[in-house]
Amino acid sequence: MVQIIRKASLPTPDEVAARTRDAAEQARAVAVREPRPAGFPLLFTRHWQLIEPAVAFLHEHSVQRAHTDDTRRTYAEILYDWFETLEQNDIPWESADAVDLVAYRNRMMAQPSPHTGRPYRTTTINHRVRGVLRFYEWAVRTQWLNASPLADKTRDLRLARHQRPTQASHAATHEHSIFILRQYEALPRPLVSEQARELLAELAPPYDLMARWQLYTGLRISELLRLSVNDIGHRRASATLHHAIEVIRKGRKPGHVIAPASLLDETDGYVSGHRFAWLARARRKGRISEHKALFVNARGSPAGKNAYQRAVSQAGLACGFKATTHLLRATFACMLLARLEHLADRGAKINPLIVVKVLLGHEHLDTTDRYLRAVAVDPCVLKDVLDTLLSEAGAP
């Protein structure tokens, strides 16, 4: 069967047998440029042959495009499952066609997951199928293959989209492909102001401030955790109510967000209060060295993604509704888009979708369009949010 072997660091001489210690010392002395970090997944066949195209695909997306560890792990799991299926059926990966992919998809529809024992969700099936298609499109583009039926765009059946949907009726933009199962698109449903206030009041520092940053700027978690004290500490005094903050976007791309002055003032108070005290206590106990992470936990360590997500989820349960960190970002997107749509209807020369696309750091406009359709489905749900969360006077 296909195996995933995680790249490991070279062993130290004391970790190997006595007869190989000299070789271990020589190996560690050799300067080798190896950009793949420890833990990088390497895929092997049952005959222990490296699956080079799969590793090259993961290398490009992880190292060259600087995708997150979660994205790399997801791509590795998709490729592992696909190559394992091909190996079990003695199908060379170069000759896989539409029949093989449809059979792979149908197998997931008919059989439960071997890991959970539960049936696959439609979203999971479609996600894996899209991952396989993405891999073959990449293989043709990078000339691992001259051509592939799975990289043939003429097989996709897509509906024409309106360039500018009307406010009363927004055309659906679902992906129509012979491989993709039909499913209802889950539109984001933003928090109303009462829910946002309850959630923020339930969260303990620093997670309450992190949630405010997502509500006011729409940052992704990865972008939020990359903020440093230098990112907010070196700004010129200004009478404006908002400031542009430079951030590192998904894929290590430069970008910026617009942060309210009140949020930055609150962040300055956190830096001189909670953060300073936590770091001082950690230094006294000898737990950490100096670091520039903006958000730290009570132990003085940089705040972690899992802990933050867990805190938001538990706070939502305590308040009686479901809350996620992505919902905070979606709330920002929906309420900002609704306000920009209102300004555009009153004659402002702006393209609301483009503005929100830039501020959210989206690569494709289709992603931003989901929020426009969410506003059209239930605009009343945003009224109270627009009156509070984006106004200086009504900030929680």
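Assuming R0 = 30 Å, can you tell me the calculated FRET efficiency for the pair K253 and A27, based on Cβ-Cβ distance, to the nearest 0.05?
Working: r = 36 Å, r/R0 = 1.21.
Between K253 and A27 the formula returns 0.25.
Sort 194-205, 75-86 by the packing proxy (mean of other Cβ within 10 Å over each peptide's residues), most packed first.
75-86, 194-205
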Amide H to amide H, which residues 5 or more places from H243 or on other chains are under 5 Å from it, using H placed in the peptide plane?
A259, A261
So, relative contact order of segment 248-300 in percent, Cα under 8 Å, 6 or more apart, is 30 percent
Classified through the alpha carbon gyration tensor (a ≥ b ≥ c as square roots of its eigenvalues; rounded if a/c is under 1.5, else prolate when a/b is larger than b/c, else oblate), segment 285-346 comes out oblate
Over 29 Å between C-alpha atoms is what I'm after, so list which of K253/K292; K322/K357; K322/K349 land there.
K322/K349
By the Cα gyration tensor axes a ≥ b ≥ c (a/c under 1.5 gives rounded; else a/b larger than b/c gives prolate, otherwise oblate), the shape of segment 59-145 is oblate
Can you give the charge dipole size of segment 193-388 about its Cα centre, rounded to the nearest 20 debye, using +1 on the beta carbon of Lys and Arg and -1 on the beta carbon of Asp and Glu?
980 debye
If I model a spin label at A277 and H326 as a point 7 Å from the Cα along the Cα→Cβ vector, what separation in nanometres do I get?
3.6 nm
Using Cα-only point scatterers and the Debye equation, what is log10 of I(q)/I(0) for segment 193-388 at each q in 0.09, 0.16, 0.18 Å⁻¹, rounded to two decimals?
-0.36, -1.10, -1.36
Out of V355, I248, V312, whose Cα points farthest toward the positive end of the dipole of segment 193-388 (charges: +1 Lys, Arg; -1 Asp, Glu; placed on Cβ)?
I248
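When ranked by the protection proxy of mean other Cβ atoms within 10 Å per residue, highest first, what sequence do the peptides 42-52, 120-130 form? Present the calculation step by step, with values, prior to reporting the outcome.
Numbers: 42-52: 13.5, 120-130: 16.4.
Highest to lowest by the protection proxy: 120-130, 42-52.
Inverting the mean 1/r over all pairs of different Cα atoms, compute the Kirkwood radius of segment 187-276 and quote it in Å.
This gives a value of 14.1 Å.
All of the numbers you see were taken from the coordinates with simple rules; none came from a lab. Small disclaimer: the values here were computed from a predicted structure and weren't measured. Cβ: placed from backbone, ideal geometry, glycine included. Neighbour counts: every protein chain shown.
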